[in-house]
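Any read-out appearing in this document is the output of simple, stated calculations on the displayed coordinates, not a laboratory observation. Here the structure is a predicted model, which is why all the values come from computation and not from measurement. Here Cβ is always computed from backbone atoms with ideal geometry, including for glycine, and neighbour counts include all displayed protein chains.
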Amino acid sequence: MTPPLGLLLDVDGPISSTRTRTLRLAALADDLTAIARSGCPVVFNTGRSADFLGEQIIPRLVLSGLAPTDPVWGIGEKGGTWFSLVDQHGRASVGPVSEDQSMSPPAALIDASREIAERFSDIVYFDATKRTMISLEQHVDVPSADFHRALPEMVAEVERQIERTGAHDMTIYPTFISVDVEHARSGKALGARRALDLMGTRLEAPLRWFTAGDSGQDYDMATELHGRGFDVTHLDVRLSGDARDEPFRVIREVPDLAGGNAEDDITAYHVHELRAELRV
């Protein structure tokens, strides 16, 4: 039987707090798990690494009752890595991680980026868990203002190193908490295609999808699904900007961080509404 709904979700912001870098909302974990347990696929489509999903996201769902056989998958590094769940001593765990090595940055650029992170070590650290991209991530205890003050200089230095190493198929994508260096073929649309391929080995793709993200890039996964004929609703929880005019439904809600309504709070509300609709 075709599941009535699928969830394709960015992680930083909509699921894990950009302030704590954790899935901090127990109710959100409970609702995601209940939806997955009902047979609806839940796929995380993120720039985060598989290690991050395996340490910060999947264990929290396991606490909520996630089973190894539930239809949950992880797409990391914007399509560069992916995994299914496995049974590890009776508990759901991240299985073997596949990676597209053709998307990996050259060693010279990785080494140069490590050196940049070392120079800005009071602001960022080098994310050594990434396999097919590079991330210089803001320390949790560093104020956003300090990170954004240093951001232009870090981006300029990475640009110089891309030119020096001839890594012209790599692009820079600054985020609210990081400087990401990713392959030109990577992205949330690629992640959506990986998601459909993964679930296709086990079940028929739902005709209706709910996607969520906190960046302009996250619209790409909704666009990919819509282009394949699926009914898509996209939740946009960017910190600023208007809703984009798209051929699919867009829910635009701007977080109020000072008022206690962050990106993950907004997602939690809508996921709870979906669970109630499914009656699971």
Label model pair GLU204, LEU63: point-to-point distance (7 angstrom along the Cα→beta-carbon line) in nm is 3.8 nm
Length gained, GLN101-VAL140, 0.36 nm per residue minus C-alpha separation, equals 11.1 nm
Per residue, the convex hull enclosing the Cα atoms of region 73-161 spans a volume in Å³ of 127 Å³
Given 4 °C, 1.567 mPa s and a Kirkwood radius over Cα pairs, the Stokes-Einstein diffusion coefficient of region 1-62 in µm²/s is 108 µm²/s
Output for the chain (equivalent-ellipsoid semi-axes, sqrt of 5λ from the C-alpha gyration tensor, Å, descending) is 30, 21, 18
Contact order relative to length for the chain, counting C-alpha pairs under 8 Å separated by 6 or more residues, stands in percent at 22 percent
Rounded to the nearest 0.05, FRET efficiency between ASP122 and GLU273 (Cβ-Cβ, R0 30 Å) equals 0.10
For region 178-280 the translational diffusion coefficient, Stokes-Einstein from a Kirkwood Rh over Cα pairs at 37 °C and viscosity 0.692 mPa s, in µm²/s, is roughly 219 µm²/s
Listed by chain and number, the residues whose amide H is under 5 Å from that of HIS234, excluding neighbours fewer than 5 places away on the same chain and using placed H, are THR211, ARG249, VAL250, ILE251
Taking a crude spin-label model, label points 7 Å out from Cα along the C-beta direction, the HIS148 to ASP87 distance in nm is 4.9 nm
Between the alpha carbon centres of region 163-201 and region 58-100 the gap in Å comes to 20 Å
Mean separation of Cα contacts under 8 Å (at least 6 apart) over the residue count of region 101-183, i.e. the relative contact order in percent, is 35 percent
For 23-35, 80-92, 140-152, ranked highest to lowest by mean beta-carbon neighbours within 10 Å, the order is 23-35, 80-92, 140-152
Diffusion coefficient in µm²/s returned for region 107-234 by Stokes-Einstein, Kirkwood Rh over C-alpha pairs, 37 °C and 0.692 mPa s, is 201 µm²/s
Here the alpha-carbon Rg of region 125-196 over 2.2 N^0.38 Å rounds to 1.20
Convex hull around the C-alpha positions of region 1-142: the volume in Å³ per residue is 112 Å³
